[in-house]
Structures are given as C-alpha cells and as structure tokens.
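J.: One structure coming up, written as structure tokens, with questions to follow.
The values are calculated or read from the model by the stated rules, or taken from the named source; none is laboratory data. Treat the numbers as computed from the prediction; the structure is a model and nothing was measured. Every residue, glycine among them, receives a Cβ derived from its backbone with ideal geometry; neighbour counts consider all protein chains shown.
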Amino acid sequence: MLPRFAGRAFLAPMAGVSDPALRLLCRRAGAGLVVTELTSVSGIVARARRGEDVRRIVGFSEEERPVSVQLFGSDLEALEEAARLVEPHFDAIDYNMGCPAPHITAQMAGGALLQEASLTRQIFSTLVSAVSKPVTLKVRAGVTDSDRGLYLEAARIAEDEGIEMVTLHPRTVSQGYSGDADWRLIRELKRSTGLPVVGNGDIRTPEDAARMIRYTGCDYVMVGRGAMGNPAIFSQINEYLETGSYRGQTAADRVSAFFEYMALAAAHGIRIAQLRTQAMRFVHGIRGAPGIRSRICAARDAAQLEAVMRGIRAA
C-alpha cells in the first residue's frame, strides 16, 4: 500500500540535484513525497557485499519520510538483491524506465527498456515479488517520436504485475529535456489505467501544477527543474491548490533557504563542489546573479561560500 502523502506535489529524482539535504528541505516545504537520485542496482549490491551500509550507499534521513528510493538496472538477480537491501529503509521503491542519459540507456536501463516489453514484465514481477513495500514506476513517453506510445504498454504491464503508481514524463528519450512536455499523454494515461498517475514535466510555477491537474486529471504532480534552488515551490503549490493564491519569494527568502540547505548538507557530509553547484541554483533569478555566480565559483570552502551568500542578503 502506498504511504499517505501530505501534499499532491512530489520532488522528482534528479541526478546531482536531489541530495538528502535538498530532499529534506523540500519535505519541510510541503513536498508530499521525495525520491532519491537514481541508483544502480548493481552498484548497491557490489558495495553491500563489500560491507557498506545501505544507509551510506543511498544517503537519507528519517525526517524525509515518506521517501522513495529510485533504482535502475535490468540484471534480474541484482535487482532482486538490491530491492531487498533497500526495502527496510524506504517507504517505496521506484523503478526508473525514463532516464534518457546515454550512459544509462547503453546498459539496457532507463528509457531503453521501453522497447523491451518481455524484459519489462520480468523486471516488474521480480521487484513486486521481492519486497512487501509498494513498487512504483517512472516512465517516458517512448524512445523516439515514432514510438511515442510505449508508455501505455509499460503502464499496462505495470498494472498487471502489481506496480502501485506510475509517473509519466511525457517526452521521448530522444527529446531529452528539449521541447515541451506533451501533457496530452498524461491525460491519455490517466484515462487508460486504474493506477494513480503522477504527471511530470514543465511544472515551474504553482499555476502550472494546477493547470496540469485540471487538464490531465492526474492524481499528483512531480516537480523537477522547477524545484532546483526553489524548495518553496511545494508550499506555494499546496497553498495555491487550496486557496487559489500563494506567497511570493524574495531574494532574502532564497538566501535563507540556502543557509538552511547548508546546515543540512553539513550533517550529511555534502562537499563544497556540490554546495557551490546548489548555490548557483538558489541565486537563479536574483538581481546581479552572473556576478554572484562567479564569486560562488571562487569560494574554496563553506565559510567563503556563506560570506558570498550573506553579501546577497545584505545588498
């Protein structure tokens, strides 16, 4: 059974973005569910066999709950073992069939699996049989424009095999993140499946979230790039869905949120390179951002980075 979600907006799994500190910040802001960065099942198994704790392999905190771990990989033996290893620590297991990155698809993983219906069925069956926690699916529309309908077959197989929720990013693998997400496909999926549907793609504002829900009928929305450096989008979405309005954000609000992120990052051992990268995202749209970004790049440690960000708040 799926966990209870306190809100209808979820944080998407994003490599290099949705680290434990950002996930917790988004949960505090009202994200109904947060999902880890996608993680290789073979990597989990190899590291666990060397004696590493799963909580170190896939960093997370109890405060993030409900939190889902996203897995990728098509080796059925590794998939089963990895699922059993992570199950005690997470509220759900999400399977990635949408990542367009070439280094993922080259492993017959991510979006490449959309063209492999038989293997897809084996993967879903293996996952659902291996664990008692709910298993969910993240999928893209297809691989190319010519097969922009493979998501429907994947969803049918998922429903047959006991998957409990499906998220659709309505772009093809070949599109990557270019062009517009075709929300019509989310509407079509909602009409064709009995599973809860999560719509993902091009949600940058609370108005976008409400528009997607109205247009597609989806049960939940998943926010990716719109949450980068902007965890407050979840409180704004929740407020807008409830009242039709929401509180805006100032530059000082963004900087304060980054300081909260830094404190959480320190507790998780997140290094300066990641801090700088996240800082770039938090200053997006702030006046003078190009100059601020150059000073962020020059920061050699957390203290210097903090000084740069304090300068923004004081300006």
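J.: For the condition surrounded by 11 or more Cβ atoms within 10 Å (Cβ to Cβ) and not in a loop (DSSP other than H, G, I, E, B), what is the one hit in ILE270, ILE286, ILE292?
T.: Every option except ILE292 fails the conditions.
J.: With respect to VAL223, is the statement that it is under 20 Å from PRO100 (Cα atoms) and in the same structural domain as PRO13 (by TED's automatic domain parsing) true?
T.: Numbers: under 20 Å from PRO100 (Cα atoms): yes; in the same structural domain as PRO13 (by TED's automatic domain parsing): yes.
Criteria met by VAL223.
J.: Restricting attention to segment 140-151, and to residues there that are within 21 Å of the chain's Cα centre (by Cα) and among the aliphatic types (A, V, I, L, M), which single residue is surrounded by the fewest Cβ atoms within 10 Å (Cβ to Cβ)?
T.: As a first pass, look at segment 140-151 and keep what is within 21 Å of the chain's Cα centre (by Cα): 140-143, 151.
Subset that is among the aliphatic types (A, V, I, L, M): 141, 143.
Values: ALA141: 30, VAL143: 20.
Among those that are within 21 Å of the chain's Cα centre (by Cα) and among the aliphatic types (A, V, I, L, M), it is VAL143.
J.: Tell me which residues, restricted to segment 40-68, are part of a helix (DSSP H, G or I) and touching a Phe, Trp or Tyr at 6+ places or on another chain (Cβ under 9 Å). Don't jump to the end; show me each part of the working.
T.: At the first step, the residues of segment 40-68 found to be part of a helix (DSSP H, G or I) are 41-49, 54-57, 62-64.
Scanning segment 40-68 gives a single hit, VAL41.
J.: For the subset of segment 228-267 comprising residues that are assigned to a loop (DSSP other than H, G, I, E, B), among the small types (Gly, Ala, Ser) and touching a residue at least 24 places away in the same chain (Cβ under 8 Å), which member is surrounded by the most Cβ atoms within 10 Å (Cβ to Cβ)? I'd like the intermediate steps shown before the answer.
T.: At the first step, the residues of segment 228-267 found to be assigned to a loop (DSSP other than H, G, I, E, B) are 228-232, 244-250.
Imposing the further condition that a residue be among the small types (Gly, Ala, Ser) reduces the set to 229, 232, 244-245, 248.
Add one more test, that the residue is touching a residue at least 24 places away in the same chain (Cβ under 8 Å), and what stays is 229, 232.
Working: GLY229: 24, ALA232: 20.
Residue satisfying both the conditions and the ranking: GLY229.
J.: While we're on this one: Would you please list the contacts, defined by Cβ atoms under 7 Å and residues six or more apart or on different chains, that run from a residue in segment 47-68 that is within 18 Å of ALA15 (Cα to Cα) to a residue that is of a type in the set (Phe, Trp, Tyr)?
T.: VAL67/PHE60; VAL67/PHE90; SER68/PHE90
J.: Please work out which one of (1) under 19 Å from the mean Cα position of the chain (by Cα); (2) buried (at least 20 other Cβ atoms within 10 Å of the Cβ); (3) modelled with pLDDT of 95 or more is the condition GLY98 fails and give its number.
T.: So GLY98 meets the others, but not (3).
J.: Of a type outside the set (D, E, K, R), modelled with pLDDT under 95, assigned by TED's automatic domain parsing to the domain that holds GLY224 and under 27 Å from GLU153 (Cβ atoms): which single residue out of GLN122, GLN70, GLN107 fits that description?
T.: Values: GLN122 fails: modelled with pLDDT under 95; GLN70 fails: modelled with pLDDT under 95.
Answer to the check: GLN107.
J.: Go through segment 69-79 and report how many residues are in contact with a Phe, Trp or Tyr (Cβ under 9 Å, 6 or more places away or on another chain) and free of Cβ contacts under 8 Å to residues at least 60 places away in the same chain.
T.: Of all residues in segment 69-79, those in contact with a Phe, Trp or Tyr (Cβ under 9 Å, 6 or more places away or on another chain) come to 69-72, 79.
Retained after the next criterion (residues that are free of Cβ contacts under 8 Å to residues at least 60 places away in the same chain): 69, 71-72, 79.
Residues meeting the conditions: 4.
J.: Scanning for something of a type in the set (Gly, Ala, Ser) and without any contact (Cβ under 8 Å) to a residue 24 or more places away in the chain, does segment 273-282 turn up at least one residue?
T.: Step one: filter segment 273-282 for residues of a type in the set (Gly, Ala, Ser), giving 273, 279.
Retained after the next criterion (residues that are without any contact (Cβ under 8 Å) to a residue 24 or more places away in the chain): 273.
Yes, there is a match, as at least one residue in segment 273-282 is of a type in the set (Gly, Ala, Ser) and without any contact (Cβ under 8 Å) to a residue 24 or more places away in the chain.
A quick yes/no check of all residues on (1) small (Gly, Ala, Ser); (2) over 20 Å from the mean Cα position of the chain (by Cα); (3) at pLDDT 95 or above:
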site: THR243; (1), (2), (3): no, yes, yes
site: GLY248; (1), (2), (3): yes, yes, no
site: ALA251; (1), (2), (3): yes, yes, no
site: TYR261; (1), (2), (3): no, no, yes
site: GLY269; (1), (2), (3): yes, yes, no
site: LEU275; (1), (2), (3): no, no, yes
site: VAL283; (1), (2), (3): no, yes, no
site: ILE286; (1), (2), (3): no, yes, no
site: PRO290; (1), (2), (3): no, yes, no
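J.: Check ARG310, ARG254, ARG295, ARG271 and return the single one that is farther than 30 Å from ASP180 by Cα and touching a Phe, Trp or Tyr at 6+ places or on another chain (Cβ under 9 Å).
T.: On the way: ARG254 fails: farther than 30 Å from ASP180 by Cα; ARG295 fails: touching a Phe, Trp or Tyr at 6+ places or on another chain (Cβ under 9 Å); ARG271 fails: touching a Phe, Trp or Tyr at 6+ places or on another chain (Cβ under 9 Å).
The match here is ARG310.
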